[in-house]
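This report concerns only the one structure given below.
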């Protein structure tokens, strides 16, 4: 589904990704772990098309299509979704309005009919109930005044409503207490599907106790330096990243 080959990227002329190669098949969940500065968030931004990130070599394809040649809105219409480490606040724009606008923009881009308001509201109410979100929260400006846990639940709500095919979760566990973490993880797990893939970026093993990955990759100095099963995350929890940092140097 997602195939990344020898990907190099710079930020402000500084090389960050230095030959990253990764294959993520449909139906699988892969975790990316690594020390600070390894390039984890850069990878998520490159895949979703954030400005300021220059691709200098390599490729990334989604279902065989050149992902890097598409603008961010086209990537979103193809089903690429990024859950931010620090979700943005948008004053004056109610969460419901934002999500319905995004959903219908994607549907128009795919040549699909827009979702009418009654059907959208029914789906929104069902989804908020499953995620233990107060529906009234959706009437407030997006993320404004929300706690860290509320912001992350809101992103999982967006994910469930948009139903993307490639989910990139950038440190979704950041700032969550254990109860919020369990709710967010349950929302992510509910999205598992044979025709959907997930890339989970995290520093810590604890998220992977709730979102079980098929594979774990260690990213250091801009490239994948080790891959394995879920047990690799447990090794990293015990031993840290030192030996991988040295190997990548």
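Here are some notes:
- Folded to 0 to 90 degrees: helix 178-189 orientation relative to the chain principal axis, Cα: 90
- In plain terms, if you count all Cα to Cα distances in segment 104-247 and split them into 10 Å steps from zero, the share in each step is 10, 34, 32, 17, 7, 1 percent.
- Residues considered: 136, 155, 57. Largest GNM mean-square fluctuation over the chain, using C-alpha springs under 10 Å, is found at 136.
- When each of the peptides 233-244, 114-125, 182-193 is scored by the mean number of other C-beta atoms lying within 10 Å of its residues, the order from highest to lowest reads 182-193, 233-244, 114-125.
- In nm, spacing of pseudo-spin labels at residue 50 and residue 162 (7 Å Cα→C-beta vector): 1.4
- Spatial offset of segment 83-104 relative to segment 129-203 amounts to 13 Å, using the alpha carbon center of each.
- Principal axis dimensions, segment 2-248 - Cα atoms, whole angstrom, descending: 55, 39, 34
- Within a Gaussian network of the chain (alpha carbon springs, distance under 10 Å), most fluctuating of 154, 137, 198: 137
- Ratio of Rg to Rh for segment 1-83: 0.93 [Cα atoms; Kirkwood radius as inverse mean 1/r over pairs].
Values quoted throughout were computed directly from the atomic coordinates according to the rules given, and no laboratory measurement underlies them. These figures come from a predicted structure and were not determined experimentally. A quick note on method: Cβ atoms are made from the backbone with ideal geometry, for glycine too, and the neighbour counts reach across all protein chains shown.
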